[in-house]
Amino acid sequence: MKLTNYHTHHDRCKHAKGGVEAYVREAVLHHYDEIGMSCHTPHRNFKQLGTRRMSYDELSDYFNDIEQAQEKYPQIRVLKALECEYFPILFEDIKALSKQTDYLILAQHYIQIDGKFKDAFHFTEPRQLELYAAGIEEGMATGFFKILAHPDVFMTTYPKWDEACEKVTRQIARAALKYDVILEVNANGLRRGEQKYEDGVRYPYPSEKFWKIIATEFKEVKVMVNSDCHDPAYLNDEYMQMARDFAKRLKLNVITHL
């Protein structure tokens, strides 16, 4: 099987190790066919998304780093990408970025609720899940995004699987089919280790119950396993293999190439 990874970060995001070349070199070492560099999108004037990302004036340097790696490592296809949150105010910015990249990843790390921004890693209420799914569907409808990163990230601190979880899972799956967006099984949730919740011990994500709904009710949904690596050593580590095995066991409709 040819190996790929389309969710890859680097040190400009301020919470990862290694530059673009370090990840490409690691991919070559493991005989990868393709790698997509997809660090967090910088914005000119949208501080609500935080500072743990490259600044906007680094964007051209990031693209240059990718182009240099493309020239230096012709044995592997290196793609230029970004991981983006979507809000309507960002429509024109993301449209412009879509023309400068090979693909974009939608990653709805935040929702806006009661005038404030709430991150998806700390959802605890059904209303937050509803806004999360609505934001994802709105983002997919733009046609700018190829992949939805960690669609089940909402389970990170959500106390237990309930009807709200089932509802948003089906909403996300239907939107993925409608707009032809790939859902991602994300290995980074496995790296966080098993944690205790009201309904038992589990990994924050990927969520078994989320993906079982995809596997049984939405078999046509395209699925991709990605590392979401923030260190070159994580590109093809044991957790990436665990994620591949997870997807295989559930018989998800896995694709390996864009």
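The values are calculated or read from the model by the stated rules, or taken from the named source; none is laboratory data. Computed from a prediction, not measured in an experiment: that's the story for all the values here. As a convention, Cβ positions derive from the backbone with ideal geometry for all residues, glycine included, and neighbour counts pool all protein chains shown.
Report, by residue number, each residue of region 127-156 that is exposed (fewer than 15 other Cβ atoms within 10 Å of the Cβ) and over 27 Å from LYS80 (Cα atoms). Once the filter is applied, which keeps residues that are exposed (fewer than 15 other Cβ atoms within 10 Å of the Cβ) and over 27 Å from LYS80 (Cα atoms), region 127-156 yields only ARG127. Going by what's in this entry, would TYR234 be described as out of contact with any strand residue (DSSP E or B) (no Cβ under 8 Å at 6 or more places or on another chain) and under 21 Å from GLU83 (Cα atoms)? Judged against the criteria, TYR234 is a match. Restricted to region 181-206, and to residues that are hydroxyl-bearing (Ser, Thr, Tyr) and surrounded by fewer than 23 Cβ atoms within 10 Å (Cβ to Cβ), which residue is nearest to THR4 (Cα to Cα)? Taking the candidates together, the pick is TYR203. Taking region 93-111 as the range and being among the small types (Gly, Ala, Ser) and either exposed (fewer than 12 other Cβ atoms within 10 Å of the Cβ) or not in a loop (DSSP other than H, G, I, E, B) (or both) as the test, the residues that pass are ALA96, SER98.
For region 77-92, how many residues are surrounded by fewer than 18 Cβ atoms within 10 Å (Cβ to Cβ) and not in a strand (DSSP E or B)? The qualifying residues number 4. Among the residues making up region 187-230, a single one is under 19 Å from ASP33 (Cα atoms) and among the charged types (D, E, K, R): ASP228. Close Cβ contacts (under 7 Å, 6 or more residues apart or on different chains) running from residues in region 51-75 that are farther than 19 Å from LEU29 by Cβ and in contact (Cβ under 8 Å) with a residue 40 or more places away in the chain to residues that are surrounded by fewer than 12 Cβ atoms within 10 Å (Cβ to Cβ) and not aliphatic (A, V, I, L, M) are absent. Considering the conditions (1) touching a Pro at 6+ places or on another chain (Cβ under 9 Å); (2) crowded, with 22+ Cβ neighbours inside 10 Å, ALA120 is excluded by exactly one of them, (1).
Determine whether ALA134 is over 15 Å from the mean Cα position of the chain (by Cα) and small (Gly, Ala, Ser).
Numbers: over 15 Å from the mean Cα position of the chain (by Cα): yes; small (Gly, Ala, Ser): yes.
The answer is yes for ALA134.
Residue-wise test of (1) farther than 19 Å from LYS99 by Cβ; (2) charged (D, E, K, R); (3) surrounded by 17 or more Cβ atoms within 10 Å (Cβ to Cβ); (4) touching a Cys at 6+ places or on another chain (Cβ under 7 Å).
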{"site": "TYR6", "(1), (2), (3), (4)": "no, no, yes, no"}
{"site": "CYS13", "(1), (2), (3), (4)": "yes, no, yes, yes"}
{"site": "LEU29", "(1), (2), (3), (4)": "yes, no, no, no"}
{"site": "PHE63", "(1), (2), (3), (4)": "no, no, no, no"}
{"site": "GLU71", "(1), (2), (3), (4)": "yes, yes, no, no"}
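Taken together, the residues in region 125-166 that are more than 18 Å from GLU184 (Cβ to Cβ) and aromatic (Phe, Trp, Tyr) amount to 2. For ILE35, are the conditions met, namely being assigned to a helix (DSSP H, G or I), of a type in the set (A, V, I, L, M), modelled with pLDDT of 90 or more and surrounded by 21 or more Cβ atoms within 10 Å (Cβ to Cβ)? The answer is no for ILE35. Of the listed requirements (1) within 24 Å of GLU34 (Cβ to Cβ); (2) part of a loop (DSSP other than H, G, I, E, B); (3) without any contact (Cβ under 8 Å) to a residue 60 or more places away in the chain, LEU252 misses just one: (3).
Please go through region 112-130 and pick out each residue that is part of a strand (DSSP E or B) and farther than 15 Å from THR156 by Cα. Please lay out each step first, then the result.
Within region 112-130, the subset part of a strand (DSSP E or B) is 112-113, 116-119.
Once the filter is applied, which keeps residues that are part of a strand (DSSP E or B) and farther than 15 Å from THR156 by Cα, region 112-130 yields GLN112, ILE113, LYS116, PHE117.
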